[in-house]
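Below: one structure, written as structure tokens.
The values are calculated or read from the model by the stated rules, or taken from the named source; none is laboratory data. None of the values given here were measured: they were computed from a predicted structure. Please note: Cβ atoms are built from the backbone with ideal geometry, for glycine as well, and neighbour counts cover all protein chains shown. Just the protein is used for accessible areas: all its heavy atoms, side chains included, with ligands, DNA and RNA removed. Shrake-Rupley method; radii C 1.70, N 1.55, O 1.52, S 1.80 Å.
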Amino acid sequence: ILGEHLRICPQGYTCCTSEMEENFANKSRSEFEAMMKEAGRSVQTILTAQHRSFDSYFQDLLNKSEKALYDAFPSIYGELYTQNMKVFKDLYSELRRYYRGSNINLEEALNEFWTRLLERLFKLMNPQYHITDEYLDCMVKHAEQHKPFGEVPRDLKVKATRAFIAARSYAQGFLVGSDVVKKVSQVSLSHECTRAIMKLMYCPHCRGMSSVKPCNNYCLNVVKGCLANQADLNTEWKYLMDSLAVVADRIDGPYNIDTVIGTIHMRIAEAISNLQENKDSITAKVFQGCGNPKISTKGSSSEDKRRRGKVPLEAKSSAQALEMLVLDAKGNLTALKTYWVTLPGNLCSKKVMASSAADDKCWNGMTKGSYLPEVMGDGLANQINNPEVEVDITKPDMTIRQQIMQLKIMTNRLGNANIGNDVDFQDASDDMSGSGSGDSCPDDVCGKRLSKSPSTRQPETHAIPKQSGHGISGASITSLPSAFLLLSVAFIAAQHLWR
């Protein structure tokens with residue numbers, strides 16, 4: 001029949017009524033959006049699998065360290081352990097909470113652990129004296145000078161904070177990447193794009209050419225026009241993939257989590273042994289600085305019956321497993337780097353089943369023949385002269401612009417983790433996706449006991465756009481005032497939103 005009633009397909013002779021054309025338009029829209037979601041799900045699957053593998057490995061390291069401590073310490077230390085069990089349990093609990101995203105200052109949590117442990121052990125090792133809280137306060141003030149646990153607290157603080165910052169940011173990066181893909185894959189097609197997709201996929205049917213495939217370059221122009229905003233994710237997406245790969249090298253290199261996380265119990269045992277071996281000299285120094293405490297009327301306890309000597313603890317190395325984990329992750333990250341700019345080509349070749357570029361017997365949007373227009377570049381700015389899709393380059397998609405900012409923030413966070421810094425951009429949630437611990441502070445501050453109560457100095461936090469289920473952390477500057485940081489983020493956001 002004559003096709004004068006057609007509004008999308010060429011108005012020559014046609015097999016389609018107006019109703020059929022409308023049905024084809026709806027069908028093409030739903031099919032294309034389903035293609036996008038399917039492609040996105042494959043990427044999400046890879047990223048979530050990488051997160052799951054690393055998370056399982058890291059948690060297992062921490063669990064094994066804690067179990068080794070619980071198994072060995074009762075027989076080695078007796079009352080030194082049994083009367084202070086909660087101190088050790090609280091430490092591992094704080095370490096897990098930090099890794100999962102709670103707003104904890106990790107350095108302060110470690111300082112608090114050593115302070116509480118020293119207070120308890122000092123009283124147990126000097127049962128003949130009545131030691132008051134005020135006396136303990138004085139003792140703690142001199143602890144940095146006397147180094148009762150040797151160099152272990154300072155060394156562990158530096159290594160553990162770097163390892164935990166890297167591990168948490170690394171795990172979080174995979175979740176953020178997956179969440180961005182999910183959100184972007186759900187962006188609806190515009191009216192202009194729906195018409196272009198219909199013309200590409202189903203207008204051949206209306207012309208009685210159902211077996212003729214679309215020309216490849218024709219398909220590319222349609223899909224590049226429809227996914228112009230998505231392609232603008234490319235730069236920040238590549239930065240995120242590269243940053244994850246760099247932090248992966250840190251985790252298996254300088255900040256090696258096997259060496260640090262897997263041996264926490266051994267470092268604690270080493271610290272206690274230092275205290276035991278130097279008990280008399282440390283006690284004498286404390287008495288000299290704080291005065292002699294009163295003799296207790298309760299008498300001595302059985303504390304001196306504890307075993308002395310080096311602790312027979314071992315760390316089972318799984319370096320090869322970590323190396324394989326990192327190699328697998330880096331391979332996937334490399335493969336995913338160009339996802340957004342290769343997506344149009346992948347959709348055309350695998351889903352739309354377009355003809356080869358040189359085919360002159362393909363559907364070119366009007367009839368069976370060759371397709372002459374050049375292929376447009378990637379991204380919104382390059383669509384100004386797209387011959388197949390009318391794209392308003394002055395109106396970027398706000399959902400996608402927000403995801404670009406999320407990628408930027410997460411990349412900045414990974415950049416800080418790479419150098420051992422942790423700056424918070426706190427989300428409202430308090431899970432794996434929440435905020436980070438505080439900035440690294442100078443030794444002359446972190447090395448001293450700030451408070452006997454749980455950590456009170458909260459790290460700087462800055463609000464970021466809410467991202468369903470997964471907050472994001474990051475920044476590249478660690479020393480500027482909060483107001484300036486907020487203004488900087490706002491300025492960057494404005495640039496991206498209207499660029």
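Might you let me know whether region 188-210 holds any residue that is free of Cβ contacts under 8 Å to residues at least 24 places away in the same chain and among the small types (G, A, S)? Steps first, answer last, please.
Just the residues of region 188-210 that are free of Cβ contacts under 8 Å to residues at least 24 places away in the same chain, to begin with: 191, 210.
Within this subset, residues satisfying the condition of being among the small types (G, A, S) are 210.
Looking for residues that are free of Cβ contacts under 8 Å to residues at least 24 places away in the same chain and among the small types (G, A, S), one finds at least one in region 188-210, hence yes.
Would you check if there is a residue in region 60-67 being hydroxyl-bearing (S, T, Y), within 31 Å of the chain's Cα centre (by Cα), assigned to a helix (DSSP H, G or I) and loosely packed, with under 14 Cβ neighbours inside 10 Å? Spell out how you get there, then give the answer.
Filtering region 60-67 down to residues hydroxyl-bearing (S, T, Y) leaves 65.
Of the ones still in play, those that are also within 31 Å of the chain's Cα centre (by Cα) are 65.
Going one step further and asking which of them are assigned to a helix (DSSP H, G or I), we end up with 65.
Then keep just the ones that are loosely packed, with under 14 Cβ neighbours inside 10 Å; that gives none.
Checking region 60-67: not a single residue is hydroxyl-bearing (S, T, Y), within 31 Å of the chain's Cα centre (by Cα), assigned to a helix (DSSP H, G or I) and loosely packed, with under 14 Cβ neighbours inside 10 Å.
I need the full set of residues from region 358-395 which are in contact with an Asp or Glu (Cβ under 7 Å, 6 or more places away or on another chain) and charged (D, E, K, R), in order please.
E390
Any residue at all in region 207-229 that is within 23 Å of the chain's Cα centre (by Cα) and within 16 Å of R401 (Cβ to Cβ)?
Our first condition is that a residue be within 23 Å of the chain's Cα centre (by Cα); within region 207-229, this holds for none.
Scanning region 207-229, I find no residue that is within 23 Å of the chain's Cα centre (by Cα) and within 16 Å of R401 (Cβ to Cβ), so the answer is no.
Is one or more of the residues making up region 168-190 crowded, with 20+ Cβ neighbours inside 10 Å, in a helix (DSSP H, G or I) and touching a Cys at 6+ places or on another chain (Cβ under 6 Å)?
Within region 168-190, not a single residue is crowded, with 20+ Cβ neighbours inside 10 Å, in a helix (DSSP H, G or I) and touching a Cys at 6+ places or on another chain (Cβ under 6 Å).
Taking the stated definitions as given, is G177 more than 32 Å from the chain's Cα centre (by Cα) and not aliphatic (A, V, I, L, M)? Working first, answer last.
Details: more than 32 Å from the chain's Cα centre (by Cα): no; not aliphatic (A, V, I, L, M): yes.
Taking the combined requirement at face value, the residue does not satisfy it.
Answer yes or no as to whether L220 is among the hydrophobic types (A, V, I, L, M, F, W, C), modelled with pLDDT of 95 or more and either within 30 Å of L322 (Cβ to Cβ) or in contact with a strand residue (DSSP E or B) (Cβ under 6 Å, 6 or more places away or on another chain) (or both). Before you say what the answer is, go through the steps one by one.
On the way: among the hydrophobic types (A, V, I, L, M, F, W, C): yes; modelled with pLDDT of 95 or more: yes; either within 30 Å of L322 (Cβ to Cβ) or in contact with a strand residue (DSSP E or B) (Cβ under 6 Å, 6 or more places away or on another chain) (or both): no.
Judged against the criteria, L220 is not a match.
Using beta carbons and a limit of 8 Å, which pairs, at least six apart or on different chains, have the first residue in region 131-144 and in a helix (DSSP H, G or I) and the second one among the acidic types (D, E)?
Close Cβ pairs satisfying both conditions: L136/E119; M139/E119; V140/E119.
Checking Y218 against (1) open to solvent by 10 Å² or more (accessible area, probe 1.4 Å); (2) within 17 Å of N386 (Cα to Cα): exactly one of these is not met. Which one?
All conditions pass for Y218, except number (1).
Checking the condition open to solvent by 40 Å² or more (accessible area, probe 1.4 Å) and over 30 Å from G101 (Cβ atoms), which residue from M35, M20 passes? Before the answer, list the steps.
Working: M35 fails: open to solvent by 40 Å² or more (accessible area, probe 1.4 Å).
Step by step, each of M35, M20 is checked, and only M20 is open to solvent by 40 Å² or more (accessible area, probe 1.4 Å) and over 30 Å from G101 (Cβ atoms).
State all residues of region 203-215 that are crowded, with 23+ Cβ neighbours inside 10 Å and not in a helix (DSSP H, G or I); if no residue qualifies, say none.
Filtering region 203-215 down to residues crowded, with 23+ Cβ neighbours inside 10 Å leaves 203, 206, 214-215.
Of everything in region 203-215, those that are crowded, with 23+ Cβ neighbours inside 10 Å and not in a helix (DSSP H, G or I) turn out to be P214, C215.
Give just the number: which of (1) on the phi > 0 side of the Ramachandran plot; (2) touching a helix residue (DSSP H, G or I) at 6+ places or on another chain (Cβ under 7 Å) does L380 not satisfy?
(1)
Could you look through region 339-366, keep only residues that are open to solvent by 60 Å² or more (accessible area, probe 1.4 Å) and not in a helix (DSSP H, G or I), and pick out the one that is nearest to M241 (Cα to Cα)?
For region 339-366, the residue satisfying everything is M353.
Find all pairs meeting these conditions: Cβ atoms under 8 angstrom apart; at least six residues apart or on different chains; first residue within region 20-48 and of a type in the set (K, R); second residue crowded, with 16+ Cβ neighbours inside 10 Å and part of a helix (DSSP H, G or I).
Note: pairs meeting the criteria are R29/T194; R29/I197; R29/M198; K37/S185; R41/S185.
Just to be sure I understand, how many residues within region 268-294 are surrounded by fewer than 19 Cβ atoms within 10 Å (Cβ to Cβ) and within 30 Å of D71 (Cα to Cα)?
Number satisfying all stated conditions: 7.
Taking the condition under 27 Å from V326 (Cα atoms), of a type outside the set (D, E, K, R), over 27 Å from the mean Cα position of the chain (by Cα) and open to solvent by less than 30 Å² (accessible area, probe 1.4 Å), does A72 pass?
Numbers: under 27 Å from V326 (Cα atoms): no; of a type outside the set (D, E, K, R): yes; over 27 Å from the mean Cα position of the chain (by Cα): yes; open to solvent by less than 30 Å² (accessible area, probe 1.4 Å): yes.
When the stated conditions are applied, A72 does not pass them.
Report yes if some residue within region 412-422 is under 21 Å from Q172 (Cβ atoms) and touching a Leu at 6+ places or on another chain (Cβ under 9 Å); otherwise report no.
Let us first name the residues in region 412-422 that are under 21 Å from Q172 (Cβ atoms), namely 412-422.
Subsequent filtering for residues that are touching a Leu at 6+ places or on another chain (Cβ under 9 Å) retains 414, 422.
Within region 412-422, one or more residues are under 21 Å from Q172 (Cβ atoms) and touching a Leu at 6+ places or on another chain (Cβ under 9 Å).
Looking at region 75-116 only, could you name the residues that are of a type outside the set (D, E) and open to solvent by 50 Å² or more (accessible area, probe 1.4 Å)?
Of region 75-116, the ones of a type outside the set (D, E) are 75-78, 80-89, 91-93, 95-106, 109-111, 113-116.
Within region 75-116, S75, T82, Q83, M85, K86, K89, S93, R97, R100, R116 meet the criteria.
Pairs needed: first member in region 62-75, over 19 Å from Y98 (Cβ atoms); second member anywhere, exposed (fewer than 14 other Cβ atoms within 10 Å of the Cβ); C-beta distance under 7 Å; at least 6 residues apart or different chains.
P74/T82
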